[in-house]
1. What does the charge add up to near Lys466, with Lys and Arg as +1, Asp and Glu as -1, over the other residues with Cβ less than 12 Å from its Cβ?
2. Equivalent-ellipsoid semi-axes (√(5λ), Cα gyration tensor) for the chain, whole Å, largest first?
3. With a ≥ b ≥ c the root eigenvalues of the C-alpha gyration tensor of the range 470-611, is it rounded (a/c under 1.5), prolate (a/b larger than b/c) or oblate?
4. Applying a 10 Å radius around every beta-carbon, put 256-267, 589-600 in order of their mean neighbour count, most first.
5. Please report the net charge: other residues with Cβ closer than 10 Å to the Cβ of Pro651, K and R +1, D and E -1.
6. Over every pair of different alpha-carbon atoms in the range 220-312, take the mean of 1/r and invert it; report that Kirkwood radius in Å.
7. Over 5 Å intervals from 0, what percent of Cα-Cα pairs in the range 705-754 sits in each interval?
8. For the range 688-774, what is the per residue volume of the convex hull drawn over the alpha-carbon atoms, in cubic angstrom?
Amino acid sequence: MSPFHCTIFLLFTIFTHATSSPPDPPPFKTYIFRVDSSSKPSIFPTHYHWYTSSEFTQTPSSILHIYDTVFHGFSASVTPEEYDSVSKHPSVLASFEDRKRVLHTTRSPQFVGLRNQRGLWSDSDYGSDVIVGVFDTGIWPERRSFSDLNLGPVPKRWKGVCQVGVKFSEKNCNRKIIGARYFLKGHESASGGFGIGFGGAINDTVEFRSARDADGHGTHTASTAAGRYVFKASMAGYASGIAKGVAPKARLAIYKVCWKNSGCFDSDILAAFDAAVNDGVDVISISIGGGDGISSPYYLDPIAIGAYGAVSRGVFVSSSAGNDGPNGMSVTNLAPWITTVGAGTIDRNFPAEVVLGDGRQLAGVSLYAGPAISGKKYPLIYPGKSGVLSASLCMENALDATAVRGKIVICDRGSSPRVAKGLVVKKAGGVGMILSNGVTNGEGLVGDAHLIPACSVGSDEGDKIKAYAATGRGTATINFKGTVLGIKPAPVVASFSGRGPNGMNPEILKPDLIAPGVNILAAWTDAVGPTGLDSDSRKTEFNILSGTSMSCPHVSGAAALLKSAHPDWSPAAIKSAIMTTASTVNKQLEPMTDESTGNATTPYDFGAGHLNLDLAMDPGLVYDLTNEDYVSFLCSIGYGAKTIQVITRSPAACPMRRKPVPENLNYPSIAALFSTGKKGVLRKTLIRRVRNVGDVNSVYTVKVQAPKGVTVSVRPAKLVFSDKVRELSYYVNVKIDGTSVVMGDSGAVFGSLSWVDGKHVVRSPLVVTQLDPL
């Protein structure tokens with residue numbers, strides 16, 4: 001998988017003052033300090049004056065960002081001695097080191113249930129006047145996807161700016177791109193510069209010190225969420241047709257927090273959250289997060305903290321689930337106030353086939369658009385036969401040119417960008433490449449705009465080709481078949497999509513849902529070619545990418561449509577509508593399967609299901625959440641008052657006698673967690689409340705599909721709503737025999753609980769597991 005969903009890792013950055021050959025320069029690190037803002041002495045007119053005073057720092061210039069909206073505090077570059085001093089200040093509640101993150105990297109609007117002139121598109125006026133903030137690599141504003149033709153005036157509530165920078169002027173904003181900002185102080189500080197004036201690590205030959213996109217990722221995600229209708233769209237002839245975002249009339253506010261080949265820093269991301277909420281966005285789309293199944297506690301995770309500050313002010317936050325699937329517990333962005341989106345396929349593909357000399361035809365995919373091999377067969381070679389790992393992976397300088405010249409080379413996937421392997425083959429004199437999945441990726445494939453004739457094949461097909469090549473007489477050719485629609489089955493869960501269970505709090509099911517994230521066509525930058533490689537000089541208005549980075553903006557656009565249609569709905573109500581109407585079957589009305597194995601999937605793979613906007617407009621009932629509900633949840637997982645204040649900005653009073661239960665958070669999915677140490681008959685009672693947003697006089701009856709080996713009862717079994725009764729609670733009683741219940745390969749059993757009234761089916765996944773939280 002190309003590195004489009006970010007792996008979180010601790011960054012120990014050291015940088016020095018610009019002095020002449022110091023014998024032992026003082027080490028600096030960037031930290032984010034959470035401050036109790038209410039303790040500011042009255043002598044200081046603002047928090048900025050307080051933070052830059054000698055109480056906190058001897059060098060005011062070391063402060064990078066001041067946070068005052070979603071978070072209270074500041075980030076600064078400090079020496080170890082300064083850090084010790086600041087962190088011991090009585091008003092400092094917490095501190096954490098700035099960390100680097102990297103990005104999680106048409107027909108899809110129709111595929112999720114949107115049709116012209118009917119349903120959610122027409123009822124929401126295509127998202128008009130809803131403002132979507134995109135945290136990413138910026139935007140290429142000249143693309144047709146960002147035209148403001150026939151859009152009304154900028155919403156009066158908008159308070160943002162169009163920040164001028166390199167090759168980005170106020171004229172680059174319009175009634176579509178209504179604002180743009182960029183954030184790089186944390187990035188440059190961590191990269192070795194002492195403030196912007198010292199240059200840092202921004203490479204001005206390939207980057208723009210502005211909101212202009214040098215990478216392409218941000219342009220792609222922005223147009224996926226809210227791109228306008230563009231006719232005659234394609235990527236080198238592939239996926240030709242009309243390109244459009246999920247909310248074509250929504251307004252875009254761009255927050256550039258990620259930099260080409262350099263990642264994104266927490267201190268800058270947190271500053272973007274602060275700015276976006278102040279500016280007046282309605283939705284935040286952030287295809288950035290952790291990886292490797294490692295997640296920080298919420299109070300040490302600036303994305304979770306920033307997202308809470310946004311959601312608590314009515315802003316919906318959508319984020320990507322990560323690209324570390326199909327491994328279990330690989331989902332990231334776990335906070336319950338974030339909507340976490342995994343990836344599924346759509347019913348469009350770009351097939352290619354490898355034809356072997358013995359006549360066998362093996363299926364693959366490719367977006368290669370150059371001169372074809374034209375059916376001529378060439379000798380096959382698998383460099384990995386030598387047993388040298390770098391050769392099997394076709395790494396730089398790892399191929400023997402005398403052995404490879406004039407042949408089609410089989411390369412294993414991994415360690416380097418897929419398209420870069422083709423360049424290595426080309427440099428060594430190879431005429432084509434077959435890129436083979438390993439066991440981990442299984443049969444999951446994504447198309448790439450290769451620079452030489454090449455296609456990707458699954459693990460099984462790769463093994464067959466390698467065995468044939470090992471005979472020493474193997475030949476092959478590659479045929480490219482363009483764009484094919486109507487692929488079945490679809491959707492399937494993408495092999496790379498981050499999977500559950502939730503490694504932080506398994507009582508909260510993550511991901512929340514999946515959306516289209518494989519081979520998605522959207523707008524692209526002019527700064528780089530479709531592969532993103534420096535050596536790729538091709539220009540394209542659109543590109544085709546895969547990743548949970550692509551699925552996240554689908555849900556961001558969906559939230560914009562729902563916010564436009566229901567401006568009084570909270571972020572939690574919008575999330576509930578999307579989740580309880582999601583589909584668990586494919587377009588052939590069969591259970592969704594896993595791309596990597598072809599086997600059946602579970603809510604650990606797809607959450608509540610696949611985005612289905614035909615139904616989300618009118619969900620019938622919603623599970624709503626307040627700030628008090630989230631505080632109660634944080635109390636239930638053992639956070640103390642000051643720890644909670646780091647996240648919520650306000651002191652919390654957790655009940656001393658009756659501790660809340662995490663499973664009782666009023667979430668649209670339901671998980672019952674039992675300890676592994678207990679045997680015999682085990683029981684648990686959970687509570688939920690629903691609000692009627694449909695017909696006033698409605699009667700709903702419960703329908704339970706109990707997990708295998710589990711007894712589930714619900715009381716009351718009927719919910720009667722009226723003009724005076726808009727909200728009702730119900731109890732879910734779960735009983736298992738801890739001695740005999742079989743939890744299966746995933747460590748859990750799955751079912752569902754639905755409320756039905758003849759018109760609506762308000763469905764919640766039901767997960768029962770025996771697991772001891774970390």
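1. Here the count lands on -2.
2. 39, 35, 26
3. On the way: a/c = 2.12, a/b = 1.40, b/c = 1.51.
Note, shape of the range 470-611 comes out oblate.
4. Values: 256-267: 25.8, 589-600: 16.3.
For the peptides 256-267, 589-600, the packing ranking is 256-267, 589-600.
5. +1
6. 15.4
7. 5, 16, 23, 18, 13, 10, 7, 5, 3, 1
8. On the way: hull volume 9.4 nm³, N = 87.
So the per-residue hull volume is 108 Å³.
The values are calculated or read from the model by the stated rules, or taken from the named source; none is laboratory data. Please read these numbers as outputs of a predicted model, since none were measured by experiment. When we count neighbours, we look across all protein chains shown, and the Cβ atoms used for this are built from the backbone with ideal geometry, even at glycine. When the accessible area is computed, the model is the full protein with side chains, heavy atoms only, and any ligands, DNA or RNA have been set aside. Shrake-Rupley method; radii C 1.70, N 1.55, O 1.52, S 1.80 Å.
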